[in-house]
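Asker: One structure, pasted below without further comment.
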Amino acid sequence: MVVYCQFKTLLFDHGETYYCGLINKTQPPGNRRLDIARTHECNKTNNDVNHIKFDNCIVTSIPQELTLIFPNLKNLVIYNSKLKKISKNDLIDYRNLEIISFVENEIEFLPGDLFQHFKHLSIINFKGNKLTLIEPNILNGLEELKMVNFSENPRYENFFSIYPVHNPNATLEEVKNELYEKFYSRYDFLQDLKNSEEHLKLKNNQLKKKMENMLTNHLTYDVTADFKNFIRDENSKDFKIIIDDQEFLVHKFLLIIRSPTLGDILRNNPDVESLNLVDIPIPIFEKILKWFYTDELAFENKSSALPIFAAAGRLKLKKLIDCAAEKLLDQVNPENALEILNLSAKFQKYELKKKAFEEVKKKYPNFKFRDELLENPDKLKFIIDMFKDKEEANRKFEENLKKMAIMD
């Protein structure tokens, strides 16, 4: 295929870029090679080109050998060009790219190893495609990443993360976690269903049909849409949770899907039929169990938010952690501040942790806590305990001194 390249020098925020623009050209089916017809700017050659853009072309697959034509290529843009599929092998010759932008195409799926060979990728933009599934680990190894955009896709409408511009405090790991928490759960959900299916002994045909429906339509199925009907269906419950000698019958596959902690235990022990939970009050677990089936949770009183926060953290229930943390923001006081500070540090709830730290400082106005203790609740507790011991020792000393004075 011969394409005609419009060469020009563009000025971006990061500096000048020598650019090749390909417009309104068609790539014949099966033809993945390009021949570039070109007229360079004065004193420019192919070696100077570091940015290429396919704009409103028909590109059915990633063109090969572009890096042989333009050996210093850093940015690859394919815009509104009907691109439908992309794999690791398609990009193997593009491993030195810094920017990949495939906006307004028709890509439905991104494999987890897509960027396996990339070391310097800083911008990834798949805005406005037809993405319904992104496999886990897609961002692994991209230590220079600065922007990720998966917005305006069927399952990724709101994911747009730019740092440090958009979020000055964000780290690459936090961006990866955000992507995982928001969207990988659909991938995990499918895998968990397949794994749990092997050891499920379903007694209820209706539930079995729901399982089969989810496995068949995993890309569009609402995880909790039909589980409400089974919360009272004792016949198909195949697992026991035991707390303080009280037994709760549940569906094993639901525990696997909803809780990463319980899921790991049950996947590693597929024949186990019951599990003892400690340090979770029965009324709190009853609320969480209802949430497993309905995705609903009511905070009847202020005292329930803190134990729900603690239990949700132990079971790694991200949605409940967020919900309880929001409730606790209005409930932090000098008496519960240290416990909330410790939990919010474990569960990475920065706003709640900061508020709890301020309440701790109010409780001990005579002690000057350094701000670095915000990141080390255990050390803070140790210092407070020492402070309390000192106060108690002083109190006893004063009492003994008074007794001795009276006796004399």
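Asker: Using amide H atoms built 1.01 Å from N in the peptide plane, name the residues 5+ places from PHE239, or on other chains, whose amide H lies under 5 Å from its own.
Answerer: VAL250, LYS252
Asker: Across region 51-62, in residue order, what do the Karplus-derived ³J(HN,Hα) couplings come to in whole Hz, using 6.51 cos²θ - 1.76 cosθ + 1.60 with θ = phi - 60° and x for Gly and Pro?
Answerer: Once rounded to whole Hz, the list reads 9, 10, 9, 8, 10, 6, 8, 10, 10, 7, 7, 5.
Asker: Which GluC sites (Glu not before Pro) in region 267-339 pass both tests, a DSSP loop state and at most 13 other beta-carbon atoms within 10 Å?
Answerer: In loop regions of region 267-339 (DSSP not H, G, I, E or B), the sparsely surrounded GluC sites (Glu not before Pro) are GLU273, GLU296, GLU300, GLU335.
Asker: Same structure again: Over all distinct Cα pairs, what is the inverse of the mean 1/r for region 243-348, reported as the Kirkwood hydrodynamic radius in Å?
Answerer: 14.6 Å
Asker: Further question: So which of LYS88/LYS346; LYS237/LYS354; LYS84/LYS346; LYS130/LYS319 end up more than 31 Å apart by C-alpha?
Answerer: From the list (LYS88/LYS346; LYS237/LYS354; LYS84/LYS346; LYS130/LYS319), the Cα-Cα distance tops 31 Å for LYS88/LYS346; LYS237/LYS354; LYS84/LYS346.
No lab work stands behind these numbers, since they all come straight from the coordinates. Note that this is a predicted model, so its numbers are computed, not measured. Cβ sites come from the backbone with ideal geometry, for glycine too, and all protein chains shown count toward neighbours.
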